[in-house]
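Each remark here refers to the structure printed beneath this line.
The values are calculated or read from the model by the stated rules, or taken from the named source; none is laboratory data. These figures come from a predicted structure and were not determined experimentally. Please note: Cβ atoms are built from the backbone with ideal geometry, for glycine as well, and neighbour counts cover all protein chains shown. SASA here: full protein model, heavy atoms, side chains in, ligands and nucleic acids out. Shrake-Rupley method; radii C 1.70, N 1.55, O 1.52, S 1.80 Å.
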Amino acid sequence: MLWLVLSTVFLGNSVAGSPAPVPDGELVGIIGGDSAPQGKWPWQVSLRVYAYHWASWVHICGGSLVHPRWVLTAAHCISRKEADPSAYRIHAGDVYLYGGKALLNVSRVIVHPDYVSAGLGADIALLQLSDAAEGAANVKPVRLSSAPLEVTPEDQCWVTGWGSIGMHEPLPPPYRLQQVAVRVVENGVCDQLYHNVSSEHHQLGKIIQDDMLCAGTEGRDSCYGDSGGPLVCKVKHVWYLVGVVSWGYGCGWRDAPGVYARVQTYEPWITRQIQSHP
Ligand code: ARG
């Protein structure tokens, strides 16, 4: 009983965007990124919601085009399971977040039925676009890995997004898309690391579930605002969407890699949704 309560505390901490207090003076600094060239990551989108305070559609999360009419993002980016599609817009085809590109309308929101919280897994959701995002410059869906993609630490993997460049440092204007190469960390190793960072609360059982994937090292990671965005790996000259930015303990810490939803696990579900809602 006790461990259940404690594990809830730990998961709550790590997922909610306010992780355990950062030791004073230990600035995480940038998370190792640099500005992405226009058109290099044509599947990257920004998920927007309307903010009355700013009277504009603001970025809340990243996402990836997985089909001309479908965006894959994180379930925790969507406020409710029965979300109203008209509450969202999609920005595609520009590395500058607020560069004046027309936003795309969303006609359907599908949160994975098993999703409860990012720390428990199934942190994915699909958004169907009212009109295909095809044809425009710098817009192109990414491939999903359907056969087991053996991603090894040697493969070239990158995570991209408009999220924070430091723990307490939002991306400054002109809000250009950032990219960083990250190394995939094997699940067993990552689970051990996460048991260590949470040693105050004895975590029994797995923290890193089988439908999660870890990537990143000290100073190279995704961070707040990158959620929902792509972790892609180039395997035999083709880019595959391998992960969806989900959660982490802080950002860019040495012993806490970023945690991603493992796209491989959900490929059948994604394909089924796309086929059943033409
Ligand atoms: N949950 C964050 C978001 O909503 C993403 C955190 C990723 N953290 C990490 N260390 N990679 O944007």
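Net charge within 13 Å of residue 34 by Cβ-Cβ distance, Lys/Arg positive one each and Asp/Glu negative one each, not counting residue 34 itself?
On the way: positive: 40, 176, 220; negative: none.
Cβ neighbours under 13 Å give a net charge of +3.
Legend: calculated FRET efficiency, residue 196 to residue 34, from the Cβ-Cβ distance at R0 = 25 Å, rounded to 0.05, equals 0.25. Once the Cβ-Cβ distance of residue 146 and residue 81 is raised to the sixth power relative to R0 = 25 Å, the FRET efficiency obtained is 0.40. The mean sequence separation of alpha-carbon pairs under 8 Å and at least six residues apart, normalised by the residue count of the chain, gives a relative contact order of 23 percent. Gain on full extension, evaluated as 0.36 nm per residue between residue 107 and residue 204 minus their Cα-Cα distance, stands at 30.8 nm. What is the sum of charges around residue 129, taking Lys and Arg as +1, Asp and Glu as -1, for the other residues whose C-beta is under 15 Å from the C-beta of residue 129? Result for the neighbourhood of residue 129: +4.
So, counting K/R as plus one and D/E as minus one, what does the shell of residues with Cβ under 12 Å around residue 152 add up to?
Working: positive: 183; negative: 150, 154, 155, 186.
Neighbourhood net charge equals -3.
For the chain, each Cys has a disulfide-compatible partner, with another Cys C-beta under 4.7 Å from its own. Kindly provide log₁₀ I(q)/I(0) values, in the same order as q = 0.11 Å⁻¹, from the Debye equation applied to equal alpha-carbon scatterers of region 187-278. Log10 of I(q)/I(0), two decimals: -0.36. Strictly over 21 Å apart at the Cα level, which of 140/236; 206/236; 40/236 would you flag in this model? Check vs 21 Å cut-off fails for 206/236.
Which one, 220, 143, 183, has the greatest fluctuation when you compute a Gaussian network model over the chain with C-alpha springs under 10 angstrom? Most flexible of the set in this elastic network: 143.
Model label sites at residue 55 and residue 237, defined 7 Å from Cα along the beta-carbon direction, differ in position by 5.3 nm.
As a test, work out the antiparallel percent of DSSP beta bridges whose residues both lie in the chain, rounded to the nearest 5. Provide the component values of the computation, followed by the final result.
Working: 57 of 59 bridges.
Antiparallel: roughly 95 percent of the beta bridges in the chain.
Springs join every pair of Cα atoms under 10 Å in this Gaussian network model of the chain, and among 62, 225, 99 the largest mean-square fluctuation is at 99. Accessible surface computed residue by residue for the chain, with neighbouring protein chains in place and a 1.4 Å probe, gives 46 Å² per residue.
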